[in-house]
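Let me begin by presenting the structure, written as structure tokens, before commenting on it.
Bear in mind that the values in this text are calculations on the coordinates, not laboratory data. Worth saying up front: this structure is predicted, and the values here are computed from it rather than measured. When we count neighbours, we look across all protein chains shown, and the Cβ atoms used for this are built from the backbone with ideal geometry, even at glycine.
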Amino acid sequence: MTLASLSAARILLIIGGGVAAYKALDLIRRLRERGASVRVIMTQAAKHFIAPLSAAALSGQKVYDDLFSLTDEAEMGHIELSREADLLVVAPATADLIARMAHGLAHDMATTALLATDKRALIAPAMNLRMWLHPATQRNVALLEKDGVLFVGPMDGEMACGEFGPGRMAEPLEIVAAVEAALTKPTVIPLPAGARGKAAGRSGVLSGRRVLVTSGPTYEAIDPVRFLANRSSGRQGHAIAEAAREAGAAVTLVSGPVAIADPLDIETVHVESARDMLKAVEKALPADIFIAAAAVADWRIAEPGAAKLKKGRGKPPALELVENPDILATIAAAAGKRPRLVVGFAAETENLLANARAKLAAKKADLIVANDVGAASGVFGGKANLVHLVSKDGVESWPSMDKREVAARLISRLAMMLGADS
């Protein structure tokens, strides 16, 4: 993935055991004040230098440290922690932690997460200068760099041991700058081609089925610089595509502009406007299930400016709006190509269920997933969702849950509906 800023970034911070661990607390604060979400893993040695409670208070999240905690593994295990992040940051990275990373050791929560991740890691070394300059450490650093691991520091300076030289951990703001630079480039580590082929052949309740999903917002041009859009992050749509893949389906994801990674092992088509999205969806048919999770703009500018519209010319320019094509209704009415199940989303700020029922009837969909996206809900851009499934049989309300869980439950429900319809 690539991100233009930290405002949508999810960082997994691994704090190693060294005197510089105190800087990690300031790093958490600096990342969060720029809008990043920060989860923390601490090594057992790190807890000798700073308290987990301090990291939890600053991150606003639970701190993880025990690989064998049944509760943690049920709630957010080492694989999930490392996969849901956009970037892993190790600060401070001690000589021991660097050595274990270089040789693929995984005997605690930190090293297991580092080995199980599908994202790049950025590490900030901190150690005595002789430890840093030792041939063994330099060999380990070379191995990690060859593997694509990113480094920030170490810097020259006075250390806690009284010596002066390379080995001092980079300052929090230097690490923040390195994180921002890392996120401007792809951070997903792709699986080897053979492994991807095996993954694509997995079995499941949707094995042999084709699922088509739309996700994210659309951008409707005003001029070459500006556009109409909305606050959709694409997290729910992308999670649905991933859940369908896990259920064994062949999945095509049509995504508007988002700042999150393309799901692995899924054909992803990138579009900008509503008209582009409709063309991509029609091209991807046929499908057994169509899930219109994208927040498609209802209107577009009738005549976008060929050049940037300038102010200072009297009144603001009048923007004439025209309706965009209705992707959900178009696919639901597609003669000969209509998927067996057509699912829409109703993102509303008022009269949620009444609007969802009206949409179900008007669009001729089989199911509407209704959610409140008002400013207080935190749904747009957030990680949780509270949905109501509206069908001709009535309304089923689910409690608030993580968007990935919503996706898994929705796919399970659709598989049941598809089976009952067979």
Of the candidates I11, V179, G312, the farthest towards the positive dipole end of the chain (Lys/Arg Cβ +1, Asp/Glu Cβ -1, centred on the Cα centre) is G312
Eigenvalues of the Cα gyration tensor times 5, then square-rooted: what semi-axes does that give for the range 6-182, in whole angstrom, largest first?
23, 18, 16
Could you tell me the calculated FRET efficiency between V225 and D147, based on Cβ-Cβ distance and R0 = 41 angstrom, to the nearest 0.05?
0.55
For the R139, V19 Cβ pair and Förster radius 25 Å, calculated FRET efficiency rounded to 0.05 is 0.55
Cβ-placed point charges (K, R +1; D, E -1), dipole of the chain about Cα centre in debye, nearest 20
860 debye
Here the gain from full extension of L285 to E33, 0.36 nm per residue of separation minus their alpha-carbon distance, amounts to 86.3 nm
Diffusion coefficient in µm²/s returned for the chain by Stokes-Einstein, Kirkwood Rh over C-alpha pairs, 10 °C and 1.306 mPa s, is 67 µm²/s
Summed side-chain charge close to V342 - residues other than V342 whose Cβ falls under 10 Å, Lys, Arg +1, Asp, Glu -1:
+3
Would you calculate the separation in nanometres between label points at E405 and K47, each defined as 7 Å from the Cα along the Cα-to-beta-carbon direction?
2.6 nm
Note the full-extension length gain between N351 and K62 as 0.36 nm times their separation in residues minus their Cα-Cα distance, in nm to one decimal.
100.5 nm
Whats the longest run of the chain with zero GluC sites (Glu not before Pro) that are DSSP loop and have at most 13 other Cβ atoms within 10 Å?
1-162
Percent of beta bridges antiparallel (DSSP, the chain, rounded to nearest 5):
30 percent
Helix-only [θ] at 222 nm, the chain, -39500 (n - 2.57) per DSSP H run of 4+, per residue, nearest 500, equals -10000 deg cm²/dmol
Treating the beta-carbon of each Lys and Arg as +1 and of each Asp and Glu as -1, no other charges, what is the dipole magnitude of the range 6-182 about its Cα centre, to the nearest 20 debye?
160 debye
Given points 7 Å out from each Cα along the Cα-Cβ axis, report the L321 to E272 separation in nanometres with one decimal.
2.0 nm
Roughly how big is the range 193-421's charge dipole about its Cα centre, with Cβ charges of +1 (Lys, Arg) and -1 (Asp, Glu), in debye to the nearest 20?
340 debye
